[in-house]
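Working notes, structure below.
The values are calculated or read from the model by the stated rules, or taken from the named source; none is laboratory data. Because the structure is a prediction, the values reported are computed rather than measured. Note that we place each Cβ from the backbone using ideal geometry, even for glycine, and neighbour counts take in every protein chain shown. For accessibility, only protein heavy atoms count, side chains too; no ligands or nucleic acids. Shrake-Rupley method; radii C 1.70, N 1.55, O 1.52, S 1.80 Å.
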Amino acid sequence: MGTGASSPQRSLAGLIGQTHPRLLIENRARDGAKCADVVRQLGADERFDIVLVQAGGNDVILMPAGNVGNAAFFFAPVSWRMTQRSRAMRGFVRDAAARTGATYVNMFHERADDPFARDKRLNASDGGYEVWLHELMAQTDLARRLSRASAG
């Protein structure tokens, strides 16, 4: 569903589905899943028109978590280490996207620029998914592709 979403409809997949109701969306998200779990979650023999991987080729959008070091429950020095890890993850995912032709959505922000650090209400709430949706649509051509797919 999505960590912190009050219902499936308020998750990122649910918000996309509300704006494109003719699409068939299969949300395979699982709380606690890691990047290594993505291949198993996608399944081996299935084909999809678009795959959104939101975890931490062609028609693949990679959208890892942002700067988890900014999460309110991490205190220094753990928060510093988590920011360091988030920075490294951003680099790995950005480079992998560039090598494979995938689209990369950058959600990493330093604390001063991070909407989740500036507005604690966004953390583990439905509003956070709206921030993610905005960034997803702003940094990709997904809105155009979804409109085309839902019109056909």
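Annotations for the structure displayed:
- Taking each residue of the range 24-51 that is at negative phi and looking for partners that are open to solvent by 100 Å² or more (accessible area, probe 1.4 Å) with beta-carbon atoms closer than 7 Å, six or more apart or interchain, yields GLN41/ARG30.
- Any hit, the range 66-81, residues being of a type in the set (Val, Ile, Thr), modelled with pLDDT of 95 or more and either farther than 29 Å from PHE48 by Cβ or touching a helix residue (DSSP H, G or I) at 6+ places or on another chain (Cβ under 6 Å) (or both): yes
- Output for the range 38-69, where each listed residue is open to solvent by less than 40 Å² (accessible area, probe 1.4 Å) and over 23 Å from MET137 (Cα atoms): GLN41, GLY43, GLY69
- For LEU23, the stated conditions hold: it is in contact with a Leu (Cβ under 7 Å, 6 or more places away or on another chain) and in a loop (DSSP other than H, G, I, E, B).
- The one condition from (1) modelled with pLDDT of 90 or more; (2) of a type in the set (A, V, I, L, M); (3) open to solvent by 70 Å² or more (accessible area, probe 1.4 Å); (4) not in a helix (DSSP H, G or I) that ALA124 does not meet is (1).
- Among the residues of the range 100-113, those that are surrounded by fewer than 16 Cβ atoms within 10 Å (Cβ to Cβ) and part of a loop (DSSP other than H, G, I, E, B) comprise GLY101, ASN106, GLU110.
- Close Cβ contacts (under 6 Å, 6 or more residues apart or on different chains) running from residues in the range 96-122 that are over 23 Å from ILE61 (Cβ atoms) to residues that are of a type in the set (A, V, I, L, M, F, W, C) and open to solvent by less than 40 Å² (accessible area, probe 1.4 Å) comprise ARG111/ALA117.
- Flag for ALA97 being assigned to a helix (DSSP H, G or I), within 18 Å of LEU142 (Cβ to Cβ), open to solvent by less than 50 Å² (accessible area, probe 1.4 Å) and at pLDDT below 90: no
- Within the range 22-49, being under 18 Å from VAL105 (Cβ atoms) and at pLDDT 85 or above holds for one residue alone: ILE25.
- Among (1) more than 12 Å from the chain's Cα centre (by Cα); (2) open to solvent by less than 30 Å² (accessible area, probe 1.4 Å); (3) more than 20 Å from GLY32 (Cα to Cα), the one test that THR83 misses: (3)
- Against the test of being surrounded by fewer than 19 Cβ atoms within 10 Å (Cβ to Cβ) and either at pLDDT 90 or above or not in a helix (DSSP H, G or I) (or both), the options ALA138, ALA149 yield a single qualifying residue, ALA138.
- Flag for PHE116 being surrounded by 16 or more Cβ atoms within 10 Å (Cβ to Cβ), aromatic (Phe, Trp, Tyr) and not in a helix (DSSP H, G or I): no
- Filter pass, ALA72 being assigned to a helix (DSSP H, G or I) and of a type outside the set (Asp, Glu): no
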